[in-house]
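Data first, discussion second: the structure below is written as structure tokens.
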Amino acid sequence: MLYIKVKSTVMNIIKKLKTKGLRISIAEMFFTRELHAIIEDLQKQDDLKQESLDRLINFINANFFLIFCLCVLITLTPLKRLDYIFIVALAWPSLILSFGHAVHQELGIYVRLYNYGKFTLGKCEYFGVGGGPYSPRKFGIKVLFEVDGVSRISCLERHSSPTLIKSEKKGDLATVAYNPDNPDENVPFIREIADVYYLRKTVPDRTN
């Protein structure tokens, strides 16, 4: 009986997610204040690309749905009554809060620097995908670049690499997005990641 009720609830949510209003409202629960401000500013400049914002919304919703399904699986696990109540009460808020924290971290890393940072070219020092059996899609890149004659390093490491990411070799040119007021605040500009987090209509100038 419980399985049927949960399954019915999941199917209803999937149907509702197909409507634009609910799709946006779920994603916006995880938007940071900074992201709201960036969206508003780009709208004022008429530089917000709706297609890119839709990709960001779909990306958040897809990952949220995976967490939701995991919570449902935990809920359906047959356990003793007290263990069941304890695990379910702990799992739902813990997983959703950890998901929200992860989303906020990614938004904080990419959105501001990708959309308001300055771009420069550097040389790839390291690029790797795969971290063994426990992290098969782990992804990392290190780029050496210069700003005002000062050599700097831009690093990025993720537990899940973007799909079909372009492989780089040591010495290849690579783009870095950085804060012109504080170049130590930087991140490699990865096209497959920018497809989600770069929200402008204008094409970024990555030739400097």
Checklist line | Within the range 160-170, considering residues that are within 13 Å of residue 141 (Cβ to Cβ) and exposed (fewer than 12 other Cβ atoms within 10 Å of the Cβ), the one modelled with the highest pLDDT | finding: 170
Checklist line | Extreme residue, nearest to residue 177 (Cα to Cα), among residues of the range 80-115 that are of a type in the set (D, E, K, R) and modelled with pLDDT of 75 or more | finding: 112
Check: What single numbered condition from (1) in the same structural domain as residue 37 (by TED's automatic domain parsing); (2) surrounded by fewer than 16 Cβ atoms within 10 Å (Cβ to Cβ); (3) modelled with pLDDT of 80 or more; (4) not small (Gly, Ala, Ser) fails to hold for residue 123?
Finding: (1)
Next item on the list: Show the residue pairs that are 6+ apart or on different chains and have beta-carbon atoms under 8 Å apart, the first residue being within the range 35-49 and within 17 Å of residue 196 (Cα to Cα), the second being exposed (fewer than 14 other Cβ atoms within 10 Å of the Cβ).
Entry: 47/201; 47/202; 48/201; 49/201
Next item on the list: Go through the range 196-208 and count every residue that is modelled with pLDDT under 85 and either part of a strand (DSSP E or B) or surrounded by 13 or more Cβ atoms within 10 Å (Cβ to Cβ) (or both).
Entry: 2
Item checked: Residues (in a loop (DSSP other than H, G, I, E, B) and aliphatic (A, V, I, L, M)) located in the range 23-51 -> 29
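The values are calculated or read from the model by the stated rules, or taken from the named source; none is laboratory data. These numbers come from a predicted model, not from an experiment. Cβ sites come from the backbone with ideal geometry, for glycine too, and all protein chains shown count toward neighbours.
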